[in-house]
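Engineer: To start, I am sharing the structure in question, which I have written as structure tokens.
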Amino acid sequence: MASTQEATQSSTLQELGKRHLWMHFTRMSAYKDADIPIIVRGEGCYVYDEKGKRYLDGLSALFCVNIGHGRGDIVQAGADQAKELGFYTNWSYAHPRSIELAAKIAELAPGDLNRVFFTNSGSEAVESAIKLSRQYHKLTGNPLKTKVIAREIAYHGTTLGALSATGITGLREPFEPLTPGGCHVPNTNTFRQPQLTAHDFAEAIAHRIEFEGPDTVAAVIMEPVQNAGGCFTPPEGYWQRVREICDEYNVILISDEVICAWGRLGEWFGAQRYDYQPDIITTAKGITSSYAPMGAVIASDRLAEPFMEGTNSFLHGLTFAGHPVSSAIALANIEAFENEGIIDNVRANEGAFREMLESLRDIPIVGDVRGAGYFHAIELVKDQDSDEQWSDEESETLLRGFLSGELFERGLICRADDRGDPVIQLSPPLIAGPEQFAEIESILRPVLTEAHARMHA
């Protein structure tokens, strides 16, 4: 039971939060007569609110606290660095930690991805990759190549360039007109499109390139496993055919791994999981396990080459990118991955994680289970035996009216998402194991059973 002093502090935080804090992607009106969830402490796979209640963090905060909460040793690496050199820029200068981190990332990344351009976030990494693609084509004699092809419902970030690649209508409309050049093709939703093959999905990209004009398309950007819509995995052979298409049309292949890198899929990078070679990887989140802000664009030697000649330079930069403290924390995070077998834990336990989720198929509202590694989704359906889909109003009632609040109330943090068909996404810290999977099931099963009963009453 919280003490009087703790209760007063909680009340003060609620008052200040409601008055001054503008939360991201949040319906602020929802907290007019309700408390803001205020998380004050984390330990391992769990976090605690200001009242002392414990929650299983089944989303790794936002697909990002890969190594788990409360790692004082990771933070200490940043503190030690701050004492030595709190900040210096990477604009025409360098410092030891950014050099060491770039070299380490190049060592881990597939193929010839040997050039690392740091950013502060995933959106900035995508924005930077789009700009890099455009300037590369100009330097190599293809100035009309400016368009970017992405997939429907895909989320690639919030800056105007990244938003042009994002395939979620509701996120784009408030800010139009966007940076021109965003084009979209179907995603690999095999649950809703079982008749389509890997070839069909990939050829849609070739058709779009032809439609736009090959001389105008700069890049294709896709996630190894698409997040928005609910963890769409690629059919076998899909990525290999996409690589061939990009080569055929001189189009840069960007693997957006803001979520899918750093062990989330059981490999350092998602491209390694599905055995394809991108020209660029964009990443963030798990690079520091989010103990400090950081992102990166990892580019091939081929793409970097024109920028290394004569008076050329990549005319782009961010003051804090490659910050010494963030770089030191990223290095400590990667060292912990290697020393503690973090990725091995994902490989050893992803089968048990998937098996637990598959066991929920006996609940009539569960239509599909999909994903890879520690990145999975459950798609919710009206009826397992029909293709009837939820209306927008029904999805709202199901997800926001019941599931989101009820799962949180019972101690599980996950994502109930309706950017496509309604899904529940789970992405626990990579240190999780059977004990946490059992706890997730103990909450999900009764809540999903009750949700089905409510929606069919």
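Engineer: Out of all the residues in segment 175-210, which are buried (at least 18 other Cβ atoms within 10 Å of the Cβ), out of contact with any strand residue (DSSP E or B) (no Cβ under 7 Å at 6 or more places or on another chain) and of a type in the set (A, V, I, L, M)?
Structural biologist: If the condition is that a residue be buried (at least 18 other Cβ atoms within 10 Å of the Cβ), out of contact with any strand residue (DSSP E or B) (no Cβ under 7 Å at 6 or more places or on another chain) and of a type in the set (A, V, I, L, M), then 198, 202, 206 are the ones that fit.
Engineer: Step by step: first the residues of segment 352-370, then only those that are free of Cβ contacts under 8 Å to residues at least 40 places away in the same chain and in a helix (DSSP H, G or I), then the one that is farthest from the chain's Cα centre (by Cα). Which residue is that?
Structural biologist: Filtering first and then ranking leaves 362.
Engineer: Given the conditions (1) surrounded by fewer than 24 Cβ atoms within 10 Å (Cβ to Cβ); (2) part of a helix (DSSP H, G or I); (3) touching a helix residue (DSSP H, G or I) at 6+ places or on another chain (Cβ under 7 Å), report the number of the one that residue 138 does not fulfil.
Structural biologist: (3)
Yes/no matrix, rows are residues, columns are (1) over 20 Å from residue 303 (Cβ atoms); (2) not charged (D, E, K, R):
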{"residue": "63", "(1), (2)": "yes, yes"}
{"residue": "67", "(1), (2)": "yes, yes"}
{"residue": "76", "(1), (2)": "yes, yes"}
{"residue": "83", "(1), (2)": "yes, no"}
{"residue": "88", "(1), (2)": "yes, yes"}
{"residue": "91", "(1), (2)": "yes, yes"}
{"residue": "113", "(1), (2)": "no, yes"}
{"residue": "117", "(1), (2)": "no, yes"}
{"residue": "134", "(1), (2)": "no, no"}
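Engineer: Confirm whether residue 328 is aliphatic (A, V, I, L, M) and touching a helix residue (DSSP H, G or I) at 6+ places or on another chain (Cβ under 7 Å).
Structural biologist: yes
Engineer: Does any residue in segment 281-307 that is farther than 13 Å from residue 270 by Cβ come within less than 9 Å, Cβ to Cβ, of a residue that is among the basic types (Lys, Arg) and in a loop (DSSP other than H, G, I, E, B) six or more places away or on a different chain, and which pairs are these?
Structural biologist: 289/71; 291/71
Engineer: Something else now. Can you go through 15, 6 and tell me which one is of a type in the set (Asp, Glu), more than 22 Å from the chain's Cα centre (by Cα), surrounded by 13 or more Cβ atoms within 10 Å (Cβ to Cβ) and over 30 Å from residue 438 (Cβ atoms)?
Structural biologist: It is 6.
Engineer: Would you please list the contacts, defined by Cβ atoms under 6 Å and residues six or more apart or on different chains, that run from a residue in segment 393-411 that is closer than 29 Å to residue 52 by Cα and acidic (Asp, Glu) to a residue that is crowded, with 16+ Cβ neighbours inside 10 Å and at pLDDT 90 or above?
Structural biologist: These pairs meet every condition: 406/447.
Engineer: Please enumerate the residues belonging to segment 371-430 that are in a loop (DSSP other than H, G, I, E, B), within 26 Å of residue 38 (Cα to Cα) and aliphatic (A, V, I, L, M).
Structural biologist: 430
Engineer: Out of the residues in segment 19-33 that are out of contact with any Lys or Arg (no Cβ under 9 Å at 6 or more places or on another chain) and surrounded by 11 or more Cβ atoms within 10 Å (Cβ to Cβ), state the one that is nearest to residue 356 (Cα to Cα).
Structural biologist: Out of the qualifying residues, it is 26.
Engineer: Cβ-Cβ distance below 8 Å, separation of 6 or more or different chains: which pairs start in segment 421-432 with a residue that is in contact (Cβ under 8 Å) with a residue 40 or more places away in the chain and end on one that is among the polar types (S, T, N, Q) and in a loop (DSSP other than H, G, I, E, B)?
Structural biologist: Within 8 Å, the pairs are 421/389; 425/227; 429/66; 430/66.
Engineer: Taking the residues in segment 211-244 that are in contact (Cβ under 8 Å) with a residue 60 or more places away in the chain and among the β-branched types (Val, Ile, Thr) as candidates, determine which candidate is surrounded by the fewest Cβ atoms within 10 Å (Cβ to Cβ).
Structural biologist: Filtering segment 211-244 for residues that are in contact (Cβ under 8 Å) with a residue 60 or more places away in the chain and among the β-branched types (Val, Ile, Thr), the one surrounded by the fewest Cβ atoms within 10 Å (Cβ to Cβ) comes out as 216.
Engineer: On to the next question. Only one of 54, 97, 41, 71 is charged (D, E, K, R), buried (at least 22 other Cβ atoms within 10 Å of the Cβ) and at pLDDT 95 or above. Can you tell me which?
Structural biologist: Selected residue: 97, the only one of 54, 97, 41, 71 that is charged (D, E, K, R), buried (at least 22 other Cβ atoms within 10 Å of the Cβ) and at pLDDT 95 or above.
Engineer: Also, quick follow-up: Mind checking which pairs have a first residue in segment 174-192 that is assigned by TED's automatic domain parsing to the domain that holds residue 423 and a second that is part of a helix (DSSP H, G or I) and surrounded by 18 or more Cβ atoms within 10 Å (Cβ to Cβ), Cβ under 7 Å, 6 or more apart or different chains?
Structural biologist: So the pair list comes out empty.
Engineer: Right, another one. Within the bounds of segment 58-75, is there any residue that is without any contact (Cβ under 8 Å) to a residue 12 or more places away in the chain and either under 24 Å from residue 330 (Cα atoms) or of a type in the set (D, E, K, R) (or both)?
Structural biologist: Initially, segment 58-75 is screened for residues without any contact (Cβ under 8 Å) to a residue 12 or more places away in the chain, giving 72.
Filter once more, so that each one left must be either under 24 Å from residue 330 (Cα atoms) or of a type in the set (D, E, K, R) (or both): 72.
Checking segment 58-75: at least one residue is without any contact (Cβ under 8 Å) to a residue 12 or more places away in the chain and either under 24 Å from residue 330 (Cα atoms) or of a type in the set (D, E, K, R) (or both).
Engineer: I'm trying to understand the selection: among the residues of segment 293-338, which are over 16 Å from residue 117 (Cβ atoms) and either in a loop (DSSP other than H, G, I, E, B) or of a type outside the set (Gly, Ala, Ser) (or both)?
Structural biologist: Those that are over 16 Å from residue 117 (Cβ atoms) and either in a loop (DSSP other than H, G, I, E, B) or of a type outside the set (Gly, Ala, Ser) (or both): 309, 310, 311, 324, 325, 329, 331, 333, 334, 335, 337, 338.
Engineer: Further question on the same structure: Pick from segment 431-446 the residues that are touching a strand residue (DSSP E or B) at 6+ places or on another chain (Cβ under 8 Å) and outside any loop (DSSP other than H, G, I, E, B): which of them is nearest to residue 390 (Cα to Cα)?
Structural biologist: Among them, the one singled out is 444.
The values are calculated or read from the model by the stated rules, or taken from the named source; none is laboratory data. Since we're looking at a predicted model, the values are computed, not measured. Glycine gets a Cβ as well: all are built from the backbone with ideal geometry, and neighbour counts include every protein chain shown.
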